[in-house]
1. Inside the stretch 128-162, can you point out the residues that are touching a Cys at 6+ places or on another chain (Cβ under 6 Å) and either basic (Lys, Arg) or open to solvent by 50 Å² or more (accessible area, probe 1.4 Å) (or both)?
2. Quick one: in the stretch 169-181, of everything that is open to solvent by 20 Å² or more (accessible area, probe 1.4 Å) and touching a strand residue (DSSP E or B) at 6+ places or on another chain (Cβ under 9 Å), which residue is nearest to PHE39 (Cα to Cα)?
3. Of all the helices (runs of 4 or more DSSP H) wholly in the stretch 123-181, which have at least 1 residues that are touching an Asp or Glu at 6+ places or on another chain (Cβ under 9 Å) and of a type in the set (S, T, N, Q)?
4. Among the residues of the stretch 164-181, write down those that are within 14 Å of GLY90 (Cβ to Cβ) and free of Cβ contacts under 8 Å to residues at least 60 places away in the same chain.
5. For a quick check of your reading of the model, give me the residue pairs whose first member lies in the stretch 96-120 and is in contact (Cβ under 8 Å) with a residue 40 or more places away in the chain, whose second is surrounded by 11 or more Cβ atoms within 10 Å (Cβ to Cβ) and not in a helix (DSSP H, G or I), with beta-carbon atoms closer than 7 Å and at least 6 apart or on different chains.
6. Going residue by residue through the stretch 36-56, is there one that turns out to be farther than 23 Å from SER129 by Cβ, hydrophobic (A, V, I, L, M, F, W, C), outside any strand (DSSP E or B) and touching a strand residue (DSSP E or B) at 6+ places or on another chain (Cβ under 6 Å)?
7. Filter the stretch 142-163 down to the residues that are hydroxyl-bearing (Ser, Thr, Tyr) and in contact (Cβ under 8 Å) with a residue 24 or more places away in the chain, then identify the one that is nearest to VAL108 (Cα to Cα).
8. Just checking, how many residues over the stretch 7-44 are in contact (Cβ under 8 Å) with a residue 40 or more places away in the chain and open to solvent by 50 Å² or more (accessible area, probe 1.4 Å)?
Amino acid sequence: MVLEPYLAAKGIYMTPISMGGDVNVERAKNELKKIANNFDFVTTLYDFYGFKKRLGNETKEELEQRLIDSVHAGVKPRLIPYVQMYEFEGLLFSCPESMARGLNDSDVLQWCQDVLSEFNGNPEAINNSVETAPSKRLLKHTKYRKTTHGPNIAEEMGIPKIREMCLGFHEWLCKIESLAK
């Protein structure tokens, strides 16, 4: 886990809890109900594309608000909902050099730079459709394995680089870091 030591160095200690797939508001609400009283604060990190049962053209912000609205009143002030646009793998495009090193494939460097350029240098905007989402692009053009390469690439590039390139991710971490003050 890359976030855990990064936040611990700032005096913020976390306990990651995986929900696996098939995330939706009702399921998240039930999970938050089970764990919320065990922690001072809780946050989420869900992929927008992985989120099931979205309402029509629901935006990231609307989805995050629906998460807040779904929980018990006592949990609301302690919940920092976050939905990653469009998925975790988008963050990995923050540094093409780290992507190439993490995948041990120098040909990936130019490909990753091209993808990033196509989206005006914004990794969080990499999206045309579910079929061309960041993870689908990686699976098609590289030997990417989510559980092995994802954390390794993120660690290689570091949280500061991801924050520099990904405004939504940066804003989420600012909210978390403000808890330590």
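1. Hit for the stretch 128-162 is LYS161, nothing else.
2. The residue in question is LEU179.
3. Result: 134-141.
4. LEU167, HIS170
5. LEU103/THR142; LEU103/LYS143; LEU103/TYR144
6. Within the stretch 36-56 (the criterion being farther than 23 Å from SER129 by Cβ, hydrophobic (A, V, I, L, M, F, W, C), outside any strand (DSSP E or B) and touching a strand residue (DSSP E or B) at 6+ places or on another chain (Cβ under 6 Å)), the answer is yes, since at least one residue qualifies.
7. Step by step, filter the stretch 142-163, then rank; the result is THR142.
8. 7
The values are calculated or read from the model by the stated rules, or taken from the named source; none is laboratory data. Since this is a predicted model, take the numbers as computed values, not measurements. Positions of Cβ are backbone-derived with ideal geometry, glycine not excepted, and every protein chain shown enters the neighbour counts. Remember, those area values only see protein heavy atoms, side chains included, never the ligands or the DNA or RNA. Shrake-Rupley method; radii C 1.70, N 1.55, O 1.52, S 1.80 Å.
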